[in-house]
Amino acid sequence: MTTQKWRTLSRVFLMLMMTVHVVTWYTFGMQTFGSIGIEAFFSGLARGVLNTGFVFWILAFISAILLGRAFCGWFCWFGGYLELIEWGIGDKLKIKIPRRILLYLGVIPFVALALKIYSALLVVWIEHGIPAVFTFQWADVEPWGGQQTGISMLLTAILYGPVLLFIFGRKAWCRYLCPIGAFLKIFSTVKIGGVRLVNNECNACGQCNRVCDMQVDVMGDLNTYGEVHNSDCIVCLKCTDVCPTNAIALSMRRHDASLSADAAARAEKSTLKRRKLSALDVIIAVIWIGVSVFFFFSDVRAYSPQEIKVVMSVALLIIVYGVVWLGQKGWKKVKAR
Ligand code: SF4
Ligand code: SF4
């Protein structure tokens, strides 16, 4: 069986386990293990309870230290759903957005993570203090406890699936919005294993770059670090699958391998083309984050449903980009006169 089939199988298995969990809990009253959602993790910590969610996520964080964001590529049920959508729709309808805009969107998950930790954990600790004792309680939070309603789940699935794919391309949620991905990125900065150069055969054909849905500059990383260093890598192994020379593989140790001078030169050229982060992008990012944070802490947040906030946030980004871009163009025209 191919790597990608194993990957599909692992997520189908997790989905099945989740279905069994929900059915046995609600239908048969077998309530031994509670929710494995990240909300259960935060909610338990806030109240001094170490629950199933806590154990699940601690294991996920350990997996990130071992193998980076492999959890995202192999076990995340939402990632599996997105790949299903991508498989069904493909990239044909994608709106083309300049790559440099996409570059700074990577800050969004970290903002989302900070807000999540603040609202789900820190607020409770600030108000009631950090619990003096933490006790184990497996069935602390029910599987669908505190989850969204059916209609908002449907909206979420559409907004984060087809709509994001349409605007930002493959794996848009994983790259630009997922706070769990941001959490795992932090742990994966010290990862032990990953995709590495295992021989000197790389010919800089660029196939690994082209196949990567997470837009990782595989060749650039191999050239600089001898491995895929970028924490966006979800260890899907599509790049190792397509490499015609078997120059890269998932490995737990570093190999004495490097790119030839010719391949290195080609990799550098490709990297330069991909990484044109201008001052304009930084200005836009600062304005956009500032306004978003203001929205979050203002009264608007109290009245807006989650989905509206997401739409507002994306629309805001596009407006900010448009205004700054037009301003810059106008200024250039004025100067040219
Ligand atoms: S690692 Fe493999 S796929 Fe990537 S550029 Fe080198 S030879 Fe091509
Ligand atoms: S770098 Fe390779 S393993 Fe990592 S996300 Fe891209 S294709 Fe998958």
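Checking each residue in region 238-258 for being at pLDDT 95 or above and within 12 Å of ligand 1 (Cβ to nearest atom) picks out Lys238, Cys239, Thr240, Asp241, Val242, Cys243, Pro244, Thr245, Asn246, Ala247, Ile248, Ala249.
If you go through region 223-233 one residue at a time, do you hit one that is closer than 28 Å to Tyr81 by Cα, within 12 Å of ligand 1 (Cβ to nearest atom) and at pLDDT 90 or above? Yes: one or more hits.
The set of residues in region 134-157 that are assigned to a loop (DSSP other than H, G, I, E, B) and either at pLDDT below 90 or small (Gly, Ala, Ser) (or both) comprises Ala139, Asp140, Val141, Glu142, Pro143, Trp144, Gly145, Gly146, Gln147, Gln148, Thr149. As a summary of the residue check, Cys178 satisfies the conditions (1) within 14 Å of Ala249 (Cβ to Cβ); (2) in the same structural domain as Ala60 (by TED's automatic domain parsing) except for the one numbered (1).
Report whether or not Gly80 is small (Gly, Ala, Ser) and assigned to a helix (DSSP H, G or I).
Working: small (Gly, Ala, Ser): yes; assigned to a helix (DSSP H, G or I): yes.
So Gly80 fits the description; yes.
Restricting Ile130, Ile62 to residues that are farther than 29 Å from Met15 by Cα, surrounded by fewer than 18 Cβ atoms within 10 Å (Cβ to Cβ) and either at pLDDT 85 or above or in contact with a Lys or Arg (Cβ under 7 Å, 6 or more places away or on another chain) (or both) narrows the list to Ile130.
To keep it simple, each residue is scored yes or no on (1) within 14 Å of ligand 1 (Cβ to nearest atom); (2) outside any loop (DSSP other than H, G, I, E, B); (3) within 16 Å of Ala249 (Cα to Cα).
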| site | (1), (2), (3) |
| --- | --- |
| Phe183 | no, yes, no |
| Lys191 | no, no, yes |
| Glu201 | yes, no, yes |
| Asn209 | yes, yes, yes |
| Asp213 | no, no, no |
| Asp221 | yes, yes, yes |
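Scan region 215-229 for residues that are in contact with a helix residue (DSSP H, G or I) (Cβ under 6 Å, 6 or more places away or on another chain) and either of a type in the set (Lys, Arg) or within 8 Å of ligand 2 (Cβ to nearest atom) (or both) and the total you get is 2.
When region 239-252 is filtered for residues that are closer than 26 Å to Tyr176 by Cα and surrounded by 21 or more Cβ atoms within 10 Å (Cβ to Cβ), the ones remaining, listed by number, are Cys239, Thr240.
Part of a helix (DSSP H, G or I), more than 16 Å from ligand 1 (Cβ to nearest atom) and of a type in the set (D, E, K, R): does that describe Arg175? In short, yes. Within region 188-210, is there a residue that is loosely packed, with under 15 Cβ neighbours inside 10 Å and free of Cβ contacts under 8 Å to residues at least 40 places away in the same chain? Within region 188-210 (the criterion being loosely packed, with under 15 Cβ neighbours inside 10 Å and free of Cβ contacts under 8 Å to residues at least 40 places away in the same chain), the answer is yes, since at least one residue qualifies. Scanning region 36-58 for residues being modelled with pLDDT of 90 or more and either touching a strand residue (DSSP E or B) at 6+ places or on another chain (Cβ under 7 Å) or in a loop (DSSP other than H, G, I, E, B) (or both) gives a total of 5.
Select from region 229-269 the residues that are among the hydroxyl-bearing types (Ser, Thr, Tyr) and more than 27 Å from the chain's Cα centre (by Cα) and write down the one among them that is farthest from Asn200 (Cα to Cα). Only one residue fits best here, namely Thr245. Among the residues of region 150-179, just one is within 16 Å of ligand 2 (Cβ to nearest atom) and aliphatic (A, V, I, L, M), namely Ala172.
The values are calculated or read from the model by the stated rules, or taken from the named source; none is laboratory data. In this text, all values refer to a predicted model and were calculated from it rather than measured experimentally. FYI the Cβ positions are ideal-geometry reconstructions off the backbone, even for glycines, and counts take in every protein chain you see.
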